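Read through the structure below, which is laid out as structure tokens, and then see the notes.
The values are calculated or read from the model by the stated rules, or taken from the named source; none is laboratory data. Just so it is clear, the structure is predicted and the values come from calculations on it, not from any experiment. With ideal geometry, Cβ positions are generated from the backbone for all residues, glycine too; neighbour counts draw on all protein chains shown.
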Amino acid sequence: MTAEAAVAVDIRNALVRLQRTTGLPVAFGGLVDPGRHQVRISELSGTATPALRALTVASGNGLGGKAVALARPCAVTDYSSSRQISHEYDAPVAAEGLRSILAVPIVVRRRVRGVLYGALRTVQPLGDRTLTAAVEAARDVEQALVVREEARELLGAVRPEPVQGGAAGPAWEQVREAHAALRALVPRITDPDLRAELLGVCGLLATGVPTGRVSLAPREVDVLACVAEGATNAGVAERLGLRPETVKAYLRSAMRKLGAHTRGEAVVAARRAGVLP
């Protein structure tokens, strides 16, 4: 799946959540075009016409453009008569029959990356509960974007040297650091598809093919990845959001499965088994 397709799925999932939690019949959204101050509406749910599809909304214009410019949620009770916004997009909004609308920006690293909209076809105030649900849906997309960008940055920083006979050059340590950092990101992911995608990337960084003789639990791998970077149990606990006692339990379990007597032996055995780079 391409990065663009993955983000489209993230937005569609957020729109479904928005409708499910608020009862709003119409939801739509899109991302800011790269290098341009405009949002392109790409994903729609509950619409009855194609009027909004591929609509581009310039920063500052209309409700969504206002949300982009201010980097905060905005809402109007009656779009067509509102004096709080400009009216460049009245025609497509009227064609879809929308009246009460909210727009929530998707903000990543202080930069607006897109907008989620929710709408009614009646004039009705959109309360704080509805707005809060819309903000939470936008946070889902933000989290997904942050994790993917962090993963790309980590992978982009890695320039592994050829490994021969099991020896690794200094650059291979970057691979191991990236692997450990990516594993630490996984617990932050609530979307199962995104979590699986990130774990797949971790698998690509492993130096060998898993032998199948050792079956470690995901958390056991997480702990070993941090241990391989020299982290203490307390450091592993802080990094993974676990209690130190829990880290010790995972480490003991992993060592038993690997037939290791020390932390160092466990890391070496895990690398030989192809579960760590």
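Being modelled with pLDDT of 85 or more, outside the structural domain of R17 (by TED's automatic domain parsing), touching a Phe, Trp or Tyr at 6+ places or on another chain (Cβ under 9 Å) and not basic (K, R) narrows it down to one of L258, L224, so name that one. Steps first, please.
On the way: L258 fails: touching a Phe, Trp or Tyr at 6+ places or on another chain (Cβ under 9 Å).
That would be L224, the only listed residue that is modelled with pLDDT of 85 or more, outside the structural domain of R17 (by TED's automatic domain parsing), touching a Phe, Trp or Tyr at 6+ places or on another chain (Cβ under 9 Å) and not basic (K, R).
If we scan segment 44-51, do we find a residue that is touching a Pro at 6+ places or on another chain (Cβ under 8 Å) and in contact (Cβ under 8 Å) with a residue 12 or more places away in the chain? The answer is yes, given that some residue of segment 44-51 is touching a Pro at 6+ places or on another chain (Cβ under 8 Å) and in contact (Cβ under 8 Å) with a residue 12 or more places away in the chain.
Restricting to segment 238-256, what's the tally of residues that are surrounded by 18 or more Cβ atoms within 10 Å (Cβ to Cβ) and over 12 Å from L224 (Cα atoms)? Break it down into steps so the answer makes sense when it comes.
Kept after step one, since they are surrounded by 18 or more Cβ atoms within 10 Å (Cβ to Cβ), are these residues of segment 238-256: 239-240, 242, 247, 250-251, 254-255.
Filter once more, so that each one left must be over 12 Å from L224 (Cα atoms): 239, 242.
Residues that pass the stated criteria total 2.
Hand me the list of helices (runs of 4 or more DSSP H) wholly inside segment 2-111 holding 1 or more residues that are out of contact with any strand residue (DSSP E or B) (no Cβ under 6 Å at 6 or more places or on another chain) and acidic (D, E). Give the steps one after another, and end with the answer.
Numbers: elements: 3-22, 62-70, 90-96.
Because the criterion is at least 1 residues that are out of contact with any strand residue (DSSP E or B) (no Cβ under 6 Å at 6 or more places or on another chain) and acidic (D, E), the helices (runs of 4 or more DSSP H) in segment 2-111 that meet it are 3-22, 90-96.
Is it the case that G208 is under 20 Å from V267 (Cβ atoms), in contact with a helix residue (DSSP H, G or I) (Cβ under 8 Å, 6 or more places away or on another chain), modelled with pLDDT under 75 and part of a loop (DSSP other than H, G, I, E, B)? Yes: the conditions hold for G208. Counting the residues of segment 121-145 that are surrounded by 14 or more Cβ atoms within 10 Å (Cβ to Cβ) and not in a helix (DSSP H, G or I) gives 2. For the structure I just gave you, tell me whether Q124 is within 20 Å of V32 (Cα to Cα) and of a type in the set (S, T, N, Q). No; evaluated as a whole, the condition is false for this residue. Within segment 238-259, the residues that satisfy the criterion of being assigned to a helix (DSSP H, G or I) and in contact (Cβ under 8 Å) with a residue 40 or more places away in the chain are R239, L240, K257, L258.
Looking at E4, is it among the acidic types (D, E) and modelled with pLDDT of 95 or more? It would help to see each step written out before you state the result.
Numbers: among the acidic types (D, E): yes; modelled with pLDDT of 95 or more: no.
Here the answer is no, as E4 does not meet what is asked.
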